[in-house]
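> Structure incoming, see below.
The values are calculated or read from the model by the stated rules, or taken from the named source; none is laboratory data. Keep in mind that what you see is a predicted model, and the values were worked out from it rather than measured. Virtual Cβ from ideal backbone geometry, glycine too; neighbours counted across all protein chains shown.
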Amino acid sequence: MDRPALADFLRRRREALSPEDVGLPPGQRRRTAGLRREEVATLSGMSTDYYTRLEQRRGPRPSEQMLAAIARGLRLTLDERDHLFRLAGHTAPTRVSRADHVSPPLMRVLDRLHDTPAQVMSNLGETLVQNPPAKALLGDETGHTGPARSAVYRWFTDPAERRIYPEADRVRHSRFLVASLRATSGSDPRAADLARLLSAKSAEFAKLWDAHEVEVPSERRKTIVHPSFGPIDLDCQLLFTDDLAQVLLVFTATPGTEDAEKLQLLSVVGPELLESS
């Protein structure tokens, strides 16, 4: 671990960001160039003291999970993320097998969606980051570990996962998930591994996988069943990275409708309402 170089790199990347770059208000009387340390800590999901010690060449060597969070908070590119890992004495993540570093362009869009549910997902259906309205709408999908990180895995192994969709929509959604995983399996070996695991656990998945569907039209119009507000009809817009490894999902409702009012309420009350339901 190169503490001086790590501290210098973190400081310089922090000072190169403006509040507007990460969706924060500019504020007044900012004495610090770029972001404040506490702002980076908040964006990275850690304590200000922990992050400050890294910039002051103190504290223990950060784990890979902490480094990934810092890379996301500082909106690092893949090359910058790999450099960060090496400075901390870790091997840089293999890019082919790990697509959990959120694309900076997608993060820049997400940062500006304060009152609209939006989240970034990987090609395996892993939710990498959500804004507060998305957590209020869908629940926190970022805390799962192992195969359960994938929405595909949870859909076919956890009956509770299906409550968010009306029963009439579930068969089509199953086909869509399996077809999307099939399309990914040709370029990402993790998709084939996940398919083998699911085939052994779910007869429904195995049957759909054997059908060898590669393309089922994406669900641009969805009905989400919220535990407090009931059904909400939404449009789902998709923004992909160039390599199709990640996608930003943005949920909107037709203005002037009851669905739009529900979304507005969700953006105000936040994820706490869902957690208490």
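> Does Ala134 meet the test of being in the same structural domain as Ala260 (by TED's automatic domain parsing) and more than 30 Å from Arg112 (Cβ to Cβ)?
Spelling it out, it is not the case that Ala134 is in the same structural domain as Ala260 (by TED's automatic domain parsing) and more than 30 Å from Arg112 (Cβ to Cβ).
> Report, by residue number, each residue of segment 39-55 that is exposed (fewer than 15 other Cβ atoms within 10 Å of the Cβ) and either modelled with pLDDT of 90 or more or of a type in the set (S, T, N, Q) (or both).
Within segment 39-55, Ser47, Thr48, Asp49 meet the criteria.
> Let me ask something else. Just name the residue that is farthest from Met1 (Cα to Cα) out of those in segment 62-87 that are among the polar types (S, T, N, Q) and in a loop (DSSP other than H, G, I, E, B).
Selected residue: Thr77.
> Report the residue count in segment 29-59 for those that are in a loop (DSSP other than H, G, I, E, B) and within 27 Å of the chain's Cα centre (by Cα). Can you show your working first?
The initial filter retains those residues of segment 29-59 that are in a loop (DSSP other than H, G, I, E, B), namely 29-36, 45-47, 56-59.
From what is left, the residues that are within 27 Å of the chain's Cα centre (by Cα) are 34-36, 45-47.
Residues in segment 29-59 being in a loop (DSSP other than H, G, I, E, B) and within 27 Å of the chain's Cα centre (by Cα): 6 in total.
> While we're on this one: Taking into account only those residues within segment 142-172 that are touching a Gly at 6+ places or on another chain (Cβ under 9 Å) and in a helix (DSSP H, G or I), which is farthest from Phe205 (Cα to Cα)?
If we take residues in segment 142-172 being touching a Gly at 6+ places or on another chain (Cβ under 9 Å) and in a helix (DSSP H, G or I), then Ile164 is farthest from Phe205 (Cα to Cα).
> Here is a follow-up. Quickly run through segment 88-108 and pick out the residues that are in contact with a strand residue (DSSP E or B) (Cβ under 8 Å, 6 or more places away or on another chain) and either at pLDDT 90 or above or part of a helix (DSSP H, G or I) (or both).
Within segment 88-108, Leu106, Met107 qualify.
> Any chance segment 145-158 includes a residue that's in contact (Cβ under 8 Å) with a residue 40 or more places away in the chain and within 21 Å of Pro231 (Cβ to Cβ)? So that I can check it myself, show each step before the final result.
Looking only at segment 145-158, we keep the residues that are in contact (Cβ under 8 Å) with a residue 40 or more places away in the chain, and these are 147, 150, 152-153, 156-157.
Keeping just the survivors that are within 21 Å of Pro231 (Cβ to Cβ) gives none.
Looking through segment 145-158, none of the residues is in contact (Cβ under 8 Å) with a residue 40 or more places away in the chain and within 21 Å of Pro231 (Cβ to Cβ).
> Is one or more of the residues making up segment 20-27 farther than 21 Å from Val109 by Cβ and touching a helix residue (DSSP H, G or I) at 6+ places or on another chain (Cβ under 8 Å)?
The answer is yes, given that some residue of segment 20-27 is farther than 21 Å from Val109 by Cβ and touching a helix residue (DSSP H, G or I) at 6+ places or on another chain (Cβ under 8 Å).
> Among the numbered criteria (1) surrounded by fewer than 22 Cβ atoms within 10 Å (Cβ to Cβ); (2) not in a strand (DSSP E or B), which single criterion is violated by Val129?
Every listed condition holds for Val129 apart from (2).
> Oh, and also: Cβ-Cβ distance below 7 Å, separation of 6 or more or different chains: which pairs start in segment 56-83 with a residue that is crowded, with 18+ Cβ neighbours inside 10 Å and modelled with pLDDT under 90 and end on one that is of a type in the set (Asp, Glu) and not in a loop (DSSP other than H, G, I, E, B)?
Taking only residues 6 or more apart or on different chains, the pairs are Arg75/Asp21.
> Go through segment 212-269 and give me each residue that's touching a residue at least 60 places away in the same chain (Cβ under 8 Å), in a loop (DSSP other than H, G, I, E, B) and hydrophobic (A, V, I, L, M, F, W, C).
Leu244, Ala245
> Next up: Output the residues belonging to segment 111-126 that are touching a helix residue (DSSP H, G or I) at 6+ places or on another chain (Cβ under 6 Å), outside any loop (DSSP other than H, G, I, E, B) and surrounded by 19 or more Cβ atoms within 10 Å (Cβ to Cβ).
Ala118, Gln119, Val120, Glu126, listed by residue number.
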